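> Questions regarding the structure given below will be posed in turn.
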Amino acid sequence: MNEKLQFNAILRALIKLFYLNGIFLLLMSLYRLFFFSYFANLSDFKGLYSYLIKAFILGMRYDLAIIAYINLPVTLTIIIILILNRKAYFKNLLKPITYYYSTMYSLVSILLITDFGFFLYFKNHINILIFGIIEDDTGALISTIYENYPIIKAVIGFSVFVVLIYFICKYVISLIESDTKEIKPYSVFVKTGFALFLVTANVLAARGSLGLFPLGVMDAEISPNSFINKLAITGIHTFQQAIEFRMKETKDYNLTKEMGYENNIEQAFMDFLDVDASRLNGKEIGLSLVRKTRKNILLQDAKPNVIVIMMEGFGADLMKYNSEEFDVLGDLKKHFASDYFFPNFLSGDVGTIGSIESVCFNIPKRPQSKPLTQSKYAYNDYAFAGAKPYKKAGYETIFMYGGNANWRNMLSIMPKVGFDFIEGQGSMKPEYLKNQWGVYDEFLFDHIYERISVKNGKPKFIFVMTTSNHPPYSLPPTYKKLPLNISEALNDRITGNKDLAKMRFQTYQYSNQRLAEFITRIKNSEFAENTIIAVTGDHNFWDVFDYKTEELIDLYSVPFYIYIPKKLKPETSDTGTFGCHIDILPTLYNLSLSDAKYISIGTNLFDLSIPHIAFNVDGLIMSSDAVATYSSINKSTSYYRLNDNRKLSPSNQTDKHNMILKHYKSALAVTEYLIKNPFDIK
């Protein structure tokens, strides 16, 4: 005879399971407290105690999300048993639940202990480097760990803890089994409502947020202090992120082979540098790329601040429609007219992270390959890292992002690039207005100004990434809009929702106007004669217009603007030259650093003695004499000539085409070598 399951028995069982989860939530909080006491330096937190409280509260939300994921299978199983209404099924479930919770909480404990050990060594939570245990000399690594850490004691201690977890789980389940309290009737509506509530509560707890996005690693960036930001999160979430990065890495893709240089990397260097084998430097072929800025006494005595600003969605195509009635540039147009503006400039990638890497790492985004920051090569020390020449020259180096500083793992990656400080919205004033992606640009520019105003005897090198010109295209109430009347010609080009397009134009205008106001502020300040400002966009936007093949340059074009104080201006210039993101830092090195060594795939745009070839991840390659496209997917090549109106026309293959194609392929092969064979320069 099948005895029916009573609803109140389920209720009391769930309450006891709630106590069990509460115990483990407490244990995880105690672990965080121990983590804090072990790694924290209390002297670093003066004036930041409110952030510490926020970190512990946020940490409980992260922990609760983990527990909710563990509970989800149990919750669904109990609801199914409740629907089937059979007591025997519920009793048969209790013993497996004991082992389930014991196993899951033990696995969580293993990850926390592993993360603790990882933090001991790397001063960071688990990341993609954890997979090096498999790829590296595993035996040697285990031996090193055994010699340096009390592994035997740790294993014994963990074994005792696992046994303790099991007995706690067994005890709680035994209380459920021995429950003999009286039975109370409940209506079907109560039971249905309870089931819905149980699922909803579990899902919300697992999600960790009522906002647009679930609680993630980026949300841990809540303060100006990097350790506080790391305190909230645990290695469980970062391990999940590392797995995602690992799974997304392209398998078995040999870029060197695809570019035609398999087992012949020396030829790639010779083609890229346009030299013969005798010019390559000894054993480390990468040293043949080392360049040096000229010696400049003026720069030695008064090093200028250097600010590089990458504007979100700052495509150049829309600029050609600028007018008094459709004012998308605002005051920026006067700066473009009075300073250096390069119109023939390509973004390195079609996405933000790839373009940031092209500038900050001095190398092109590789086709069919994951961004370097998301790959297993992310944590190497590279000689070509963009901020290192400034750091070696005594600069204070700052990476600044308008949103969460841990976006795309920037908190961990950018120190490897040579940045001393990585700052996001958590490092900025709490009263700064923001949208879903970060602080509005005007406040980000205020923060930049405050940073260069700090008098500590060091010049500043600052790389900045803005966020405002991004969906949902919102504006702060502080902004007074400029005219934005869409012409018939522009209206005809718009595809899709025209109201959405106008919102896009509005945030484009807002960001440009606030940028212009920042540049004006610098020019009218004490920093006017000792600050260089370089501005570009991360990519064009493609959700408003369609582009034909003849319009490929417009599709990928972003502005490149430089303000240079009079005393530092180059002797010669040609702003019509062709460039791309990898040319930004070598150009700035030669403007701001004296006798400094650097490595870059790009070139100094003010050096008129060399050919300038621009290219991007999608294989658009252009120079003043020829334009080509190369598909890394089907290995097809197309050849074009550039007309006066920046439109492309098909062309027969010429020697110029062969030259720029060789430069492109060899540059990518050399880039692949640099990434996979890190070295240093003295």
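The values are calculated or read from the model by the stated rules, or taken from the named source; none is laboratory data. Owing to the predicted nature of the structure, the values given are computational and were not obtained by experimental measurement. Methodologically, a virtual Cβ is constructed for each residue, glycine included, from the backbone with ideal geometry; neighbour enumeration extends over all protein chains shown.
> Surrounded by 14 or more Cβ atoms within 10 Å (Cβ to Cβ) and assigned to a loop (DSSP other than H, G, I, E, B), is that true of L490?
Spelling it out, it is not the case that L490 is surrounded by 14 or more Cβ atoms within 10 Å (Cβ to Cβ) and assigned to a loop (DSSP other than H, G, I, E, B).
Quick grid of which residues meet (1) aromatic (F, W, Y); (2) closer than 24 Å to S109 by Cβ:
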position: A205; (1), (2): no, yes
position: F213; (1), (2): yes, no
position: I222; (1), (2): no, no
position: S226; (1), (2): no, no
position: I233; (1), (2): no, yes
position: F239; (1), (2): yes, yes
position: A242; (1), (2): no, yes
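> Looking at V439, V454, can you tell me which residue is among the β-branched types (V, I, T) and over 24 Å from the mean Cα position of the chain (by Cα)? Explain how you work it out, then say what you get.
Numbers: V439 fails: over 24 Å from the mean Cα position of the chain (by Cα).
So the residue among V439, V454 that is among the β-branched types (V, I, T) and over 24 Å from the mean Cα position of the chain (by Cα) is V454.
> Within the bounds of the range 209-226, is there any residue that is in a helix (DSSP H, G or I), modelled with pLDDT of 90 or more and among the β-branched types (V, I, T)?
no
> Of the residues L27, L48, which single one is in contact (Cβ under 8 Å) with a residue 12 or more places away in the chain and assigned by TED's automatic domain parsing to the domain that holds E221?
After ruling out the rest, the residue left standing is L48.
> Give the residues of the range 25-49 that are in contact with a Ser or Thr (Cβ under 9 Å, 6 or more places away or on another chain) and at pLDDT 90 or above, sorted by residue number.
Going residue by residue through the range 25-49, those that are in contact with a Ser or Thr (Cβ under 9 Å, 6 or more places away or on another chain) are 27-28, 31-32, 35, 48.
Within the range 25-49, L27, M28, Y31, R32, F35 qualify.
> Does E312 qualify as being charged (D, E, K, R) and either in contact with a strand residue (DSSP E or B) (Cβ under 9 Å, 6 or more places away or on another chain) or surrounded by 18 or more Cβ atoms within 10 Å (Cβ to Cβ) (or both)?
It is true that E312 is charged (D, E, K, R) and either in contact with a strand residue (DSSP E or B) (Cβ under 9 Å, 6 or more places away or on another chain) or surrounded by 18 or more Cβ atoms within 10 Å (Cβ to Cβ) (or both).
> So N322 ticks every box in (1) more than 23 Å from I675 (Cα to Cα); (2) touching a residue at least 60 places away in the same chain (Cβ under 8 Å); (3) in the same structural domain as Y401 (by TED's automatic domain parsing) but one. Which box is left unticked?
(2)
> Does S288 satisfy the condition of being small (G, A, S), without any contact (Cβ under 8 Å) to a residue 60 or more places away in the chain and surrounded by 18 or more Cβ atoms within 10 Å (Cβ to Cβ)?
Working: small (G, A, S): yes; without any contact (Cβ under 8 Å) to a residue 60 or more places away in the chain: yes; surrounded by 18 or more Cβ atoms within 10 Å (Cβ to Cβ): yes.
Taking the combined requirement at face value, the residue satisfies it.
> Looking at the range 249-260, is at least one residue within 24 Å of the chain's Cα centre (by Cα), at negative phi and either in a helix (DSSP H, G or I) or at pLDDT 85 or above (or both)? Before the answer, list the steps.
Going residue by residue through the range 249-260, those that are within 24 Å of the chain's Cα centre (by Cα) are 249-251, 253, 255.
Now narrow it down to the ones that are at negative phi: 249-251, 253, 255.
Within this subset, residues satisfying the condition of being either in a helix (DSSP H, G or I) or at pLDDT 85 or above (or both) are 255.
Looking through the range 249-260, at least one residue is within 24 Å of the chain's Cα centre (by Cα), at negative phi and either in a helix (DSSP H, G or I) or at pLDDT 85 or above (or both).
> Return a yes/no flag: does the range 579-599 have any residue that is more than 30 Å from P565 (Cα to Cα), out of contact with any Lys or Arg (no Cβ under 8 Å at 6 or more places or on another chain) and not hydroxyl-bearing (S, T, Y).
no
> Please work out which one of (1) within 30 Å of K682 (Cβ to Cβ); (2) touching a Cys at 6+ places or on another chain (Cβ under 9 Å) is the condition K388 fails and give its number.
Among (1) within 30 Å of K682 (Cβ to Cβ); (2) touching a Cys at 6+ places or on another chain (Cβ under 9 Å), K388 violates only (2).
> Taking the stated definitions as given, is S468 polar (S, T, N, Q) and within 20 Å of the chain's Cα centre (by Cα)?
Yes.
Yes/no matrix, rows are residues, columns are (1) under 24 Å from A528 (Cα atoms); (2) of a type in the set (G, A, S); (3) modelled with pLDDT under 95:
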site	(1), (2), (3)
L280	no, no, yes
T293	yes, no, no
L299	yes, no, yes
S323	no, yes, no
L332	yes, no, no
I363	no, no, no
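> When you go through (1) surrounded by fewer than 24 Cβ atoms within 10 Å (Cβ to Cβ); (2) at pLDDT 90 or above one by one for Y401, which number turns out not to apply?
Failing condition for Y401: (1).
> Looking only at residues in the range 397-427 that are part of a loop (DSSP other than H, G, I, E, B) and within 18 Å of S474 (Cβ to Cβ), which one is farthest from the chain's Cα centre (by Cα)? Before the answer, list the steps.
We begin by selecting, within the range 397-427, every residue part of a loop (DSSP other than H, G, I, E, B); these are 402-406, 418-420, 424.
Pick out the ones that are also within 18 Å of S474 (Cβ to Cβ) and you get 402-404.
Working: G402: 12, G403: 10, N404: 9 Å.
Filtering first and then ranking leaves G402.
> Also: Between I553, I532, I522, which is touching a Phe, Trp or Tyr at 6+ places or on another chain (Cβ under 9 Å), more than 17 Å from D331 (Cα to Cα) and surrounded by 14 or more Cβ atoms within 10 Å (Cβ to Cβ)? Before the answer, list the steps.
Numbers: I553 fails: touching a Phe, Trp or Tyr at 6+ places or on another chain (Cβ under 9 Å); I522 fails: more than 17 Å from D331 (Cα to Cα).
Result: I532 is the single residue among I553, I532, I522 that is touching a Phe, Trp or Tyr at 6+ places or on another chain (Cβ under 9 Å), more than 17 Å from D331 (Cα to Cα) and surrounded by 14 or more Cβ atoms within 10 Å (Cβ to Cβ).
Each row is one residue, and each column tells you yes or no for (1) farther than 20 Å from V275 by Cβ; (2) over 30 Å from the mean Cα position of the chain (by Cα); (3) crowded, with 24+ Cβ neighbours inside 10 Å.
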| residue | (1), (2), (3) |
| --- | --- |
| K569 | yes, yes, no |
| L585 | yes, no, yes |
| D595 | yes, yes, no |
| S600 | no, no, no |
| L608 | yes, yes, no |
| H612 | no, no, no |
| F615 | yes, no, yes |
| S623 | no, yes, no |
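> Going residue by residue through the range 560-570, is there one that turns out to be farther than 24 Å from R294 by Cβ and in a loop (DSSP other than H, G, I, E, B)?
no
> Determine, yes or no, whether I553 is in the same structural domain as V359 (by TED's automatic domain parsing), under 22 Å from D339 (Cβ atoms), under 29 Å from the mean Cα position of the chain (by Cα) and aliphatic (A, V, I, L, M).
no
> Among the listed residues Y479, Y432, identify the single one that is under 27 Å from the mean Cα position of the chain (by Cα) and assigned by TED's automatic domain parsing to the domain that holds A393.
The match here is Y432.
> Residue under question is H663, and the condition is that it be part of a helix (DSSP H, G or I) and either buried (at least 20 other Cβ atoms within 10 Å of the Cβ) or small (G, A, S) (or both); does it hold? Quick ask: steps written out before the conclusion?
Details: part of a helix (DSSP H, G or I): yes; either buried (at least 20 other Cβ atoms within 10 Å of the Cβ) or small (G, A, S) (or both): no.
For H663, the condition - part of a helix (DSSP H, G or I) and either buried (at least 20 other Cβ atoms within 10 Å of the Cβ) or small (G, A, S) (or both) - is not met.
> Of everything in the range 358-371 that's of a type outside the set (K, R) and part of a loop (DSSP other than H, G, I, E, B), which residue is surrounded by the most Cβ atoms within 10 Å (Cβ to Cβ)?
Filtering the range 358-371 for residues that are of a type outside the set (K, R) and part of a loop (DSSP other than H, G, I, E, B), the one surrounded by the most Cβ atoms within 10 Å (Cβ to Cβ) comes out as N362.
> On the given criteria, is D339 at pLDDT 95 or above and acidic (D, E)?
So D339 fits the description; yes.
To keep it simple, each residue is scored yes or no on (1) more than 23 Å from L555 (Cα to Cα); (2) acidic (D, E); (3) assigned to a loop (DSSP other than H, G, I, E, B); (4) touching a helix residue (DSSP H, G or I) at 6+ places or on another chain (Cβ under 6 Å).
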| site | (1), (2), (3), (4) |
| --- | --- |
| S323 | no, no, yes, no |
| G330 | no, no, yes, yes |
| K333 | no, no, no, no |
| G348 | no, no, yes, yes |
| I356 | no, no, no, no |
